[in-house]
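Trainee: Sharing a structure here in structure tokens format.
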Amino acid sequence: MKYAYYPGCSLHSTGKEFDSSLKAVCNAMDIDLVEINKWVCCGSTAAHNVSRLMATALPMANLMLLQDMNLNEVIVPCAECFSKFKIAQHNVKTDKKLKREVIKAIHNDCNEDAKIIHPLSIFSEEPLLSTIPTLVKRDLSGLKVACYYGCLLTRPPEVTEFDIAEYPVTMDNVLRAAGISTVDWSHKTICCGASFALSKPDIVVNLSHNIIEDAKSAGADAIAVACPMCHANLDTRQDDMEKKFGTHPQMPILYFTQLMGYSFDISPAILMLNKHLTDAESLFEQISQHV
Amino acid sequence: MNTDEVIQIKEKSFSFTDTVAAVGGIDVSFCYQCGKCATGCPLVHEMDLTPTQLIHAVQLGLKDTVYNSKTMWLCASCLTCSTRCPQKVDIAEVMDTVKILIQREKKKATVPSVLKFSKSFIDNLKLFGRLYELGMIAELKLRTLNFTQDLAMGIKMLKKHKFNLFPGISGSREVRKILSQVRKQEKA
Ligand code: SF4
Ligand code: SF4
């Protein structure tokens, strides 16, 4: 299987461990990821606050780069980028006037039929869902994980075309296939504060704390995420949570690909398990039994 | 004072409600004030108008009430409201549209740090084509003059080599071209 790959800005910096672990997991499953040459930022959390045309033009400019690669399916792992791509494509399909403006702005046509894919979607479908258990080399059944989907993978469902918006199960199915137990909990899709990370950190500390507390009460040892922004908010704000609420949550936050990779026995250095501000390595020390 | 003021765009006059429809492509008249958007909003406790009230104000053309509110700046774009609205009103898009109109009319942002973040982000893109996080943070700190906030966290992140110390410039020309073309088209 061969796909174009759009890592997005975060996966080249604060979310490097997502990039590295995704590539390793894909490699194990014989998925070929070809990074788009000269991709640019999708506009992320900022462009839509400033201009609808800008927020649509940036993803569409990236999708046009696919044509030089003779590929029309692109893997977009960052939930923020995934959402911006899906929304932009949906907007040009449904708003002819906007489409004309976008074509003018990017000096290029609009790639309306490029397939924008989140890795969880293909991992949770056949043939890959059945491939995952065959690659498992470590027994992680002692680990209980809360799968956190955040806002942007599932909403709005008619645009993202990803799972059930109010209670998604895709990531749970993928991690269970890798032999990891996942918990039922109520904060799967409740906002972590998103882009307020830098502009209104007090909001992020409150919302992210609620999420961690709920995962704890559901008995989770760790939270799995699919978004670098969710990761940053949940992982890096735990010291602030201690300051505000008295106790340090000590909740490891991992990308779902790091968990899959660990069960495939990919080395912790490639999975970059040491990159997180809240210690995630000791989590594996007790349970990492080889099968 | 709250009036249904007339606004000029592209030499045509629109009332505030129609402007929101024209710029954002959303017709708020479908809203029947059920309150569902406010009930599910994770930020409603921080807002002065609930999302339901903000939509009502837009329906009534109460431009000043809307512009003076902090609500749209405190919206995290989580899209819960737009997903759940029984009338398919894209409330989150209304929030974006109001923010865009405020900037176009050069009016004041009631929560300046949020707009400063977006501006720092876009400036960064113009320079580098991709987000260079350290550069953006530095610019945001200059814009907000708040150097101590998050310092401890930043140092921890640096130690973990979370940031790239130097920016790349791949695609920066392309982005500059698109952004300046967007600006031109929006002024036309
Ligand atoms: S959910 Fe929709 S119909 Fe109900 S109050 Fe909000 S905008 Fe109006
Ligand atoms: S998109 Fe904004 S207004 Fe709507 S529920 Fe989320 S935070 Fe609230």
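The values are calculated or read from the model by the stated rules, or taken from the named source; none is laboratory data. These numbers were taken from a predicted model, which means no experiment stands behind them. No Cβ is skipped: glycine too gets one built from the backbone with ideal geometry, and neighbour counts run over all protein chains shown. Areas reflect the complete protein model, heavy atoms only, side chains present, ligands, DNA and RNA absent. Shrake-Rupley method; radii C 1.70, N 1.55, O 1.52, S 1.80 Å.
Trainee: Under a 10 Å cutoff between Cα atoms, tell me which one of A:L65, A:L22, A:L198 has the largest fluctuation in the Gaussian network model of chain A.
Mentor: Residue with maximal mean-square fluctuation among A:L65, A:L22, A:L198: A:L198.
Trainee: Gaussian network model of chain A, Cα springs within a sub-10 Å range: biggest mean-square fluctuation belongs to which of A:K86, A:K99, A:K200?
Mentor: Looking only at A:K86, A:K99, A:K200, the largest GNM fluctuation is found for A:K200.
Trainee: Here is a further query. Using the Cα centre of the protein assembly as shown as origin and beta-carbon charges of +1 (Lys, Arg) and -1 (Asp, Glu), tell me which of A:P119, B:P112, B:V44 is placed farthest towards the positive end of the dipole.
Mentor: B:P112
Trainee: Semi-axes of the stretch A:61-172's equivalent ellipsoid from the Cα gyration tensor, sqrt of 5 times each eigenvalue, largest first, rounded to whole Å? Kindly include the intermediate steps, with their values, before the conclusion.
Mentor: Working: eigenvalues 212, 57, 21 Å².
Its equivalent ellipsoid spans semi-axes of 33, 17, 10 Å.
Trainee: Which peptide among B:117-126, A:228-237, B:75-84, B:58-67 comes first, and what is the full order, when sorted by highest mean count of other Cβ atoms within 10 Å? Don't skip to the end; give the middle numbers.
Mentor: Details: B:117-126: 21.4, A:228-237: 26.1, B:75-84: 24.2, B:58-67: 19.9.
Packing proxy ranking, top to bottom: A:228-237, B:75-84, B:117-126, B:58-67.
Trainee: Moving to a separate point now. Give the Cα extents of the stretch A:136-290 along the principal axes, in whole Å, largest first.
Mentor: Rounded to whole Å, the extents work out to 43, 40, 28 Å.
Trainee: If N is the number of residues in the stretch B:17-130, what value comes out of its Cα radius of gyration divided by 2.2 N^0.38 Å?
Mentor: For the stretch B:17-130, the normalised Cα radius of gyration comes out at 1.06.
Trainee: Using only the alpha-carbon atoms, what does chain A span along each of its principal axes? Please give whole angstrom values in decreasing order.
Mentor: Principal-axis extents of the Cα atoms in chain A, largest first: 57, 44, 31 Å.
Trainee: With a 1.4 Å probe and every protein chain left in place, tell me how much accessible area A:Y262 has, in Å² to the nearest 10.
Mentor: Answer for A:Y262: close to 20 Å² accessible.
Trainee: When the solvent-accessible surface of protein heavy atoms is calculated with a 1.4 angstrom probe, in what order do B:L179, A:L129 fall, highest first? If you can, show how the numbers build up before the last one.
Mentor: Numbers: B:L179 5, A:L129 45 Å².
In descending accessible area the options line up as A:L129, B:L179.
Trainee: Hey, another quick one. Sort all Cα-Cα distances of the stretch A:2-119 into consecutive 10 angstrom bins from zero, then give the percent of pairs in each bin up to the one containing the longest distance.
Mentor: 14, 47, 30, 8, 0
Trainee: What is the average number of partner chain Cβ atoms found within 10 Å of a Cβ in B:111-118? Let's see the in-between values first.
Mentor: Details: counts 3, 1, 5, 6, 4, 2, 9, 9.
Mean shielding by partner chains, rounded to a whole number: 5.
Trainee: Work out the mean other chain Cβ neighbour count within 10 Å for the residues of A:153-159 and drop it here as an integer. Walk me through the intermediate numbers first.
Mentor: On the way: counts 0, 2, 9, 10, 2, 2, 3.
That average works out to 4.
Trainee: Express the relative contact order of the stretch A:36-118 as a whole percentage, based on alpha carbon pairs under 8 Å and six or more residues apart in sequence. Please report the intermediate quantities before stating the final value.
Mentor: Numbers: 108 pairs, mean separation 30.5, N = 83.
It comes to 37 percent, rounded to a whole number.
Trainee: Would you tell me the accessible area of A:I270, worked out with a 1.4 angstrom probe on the heavy atoms of the protein chains, in Å² to the nearest 10?
Mentor: 80 Å²
Trainee: Another question about this same structure. Can you pull the mean other chain C-beta count within 10 Å for peptide B:66-79? Kindly include the intermediate steps, with their values, before the conclusion.
Mentor: On the way: counts 0, 0, 0, 0, 0, 0, 1, 4, 3, 3, 12, 10, 11, 13.
Going residue by residue through B:66-79 and averaging, the value is 4.
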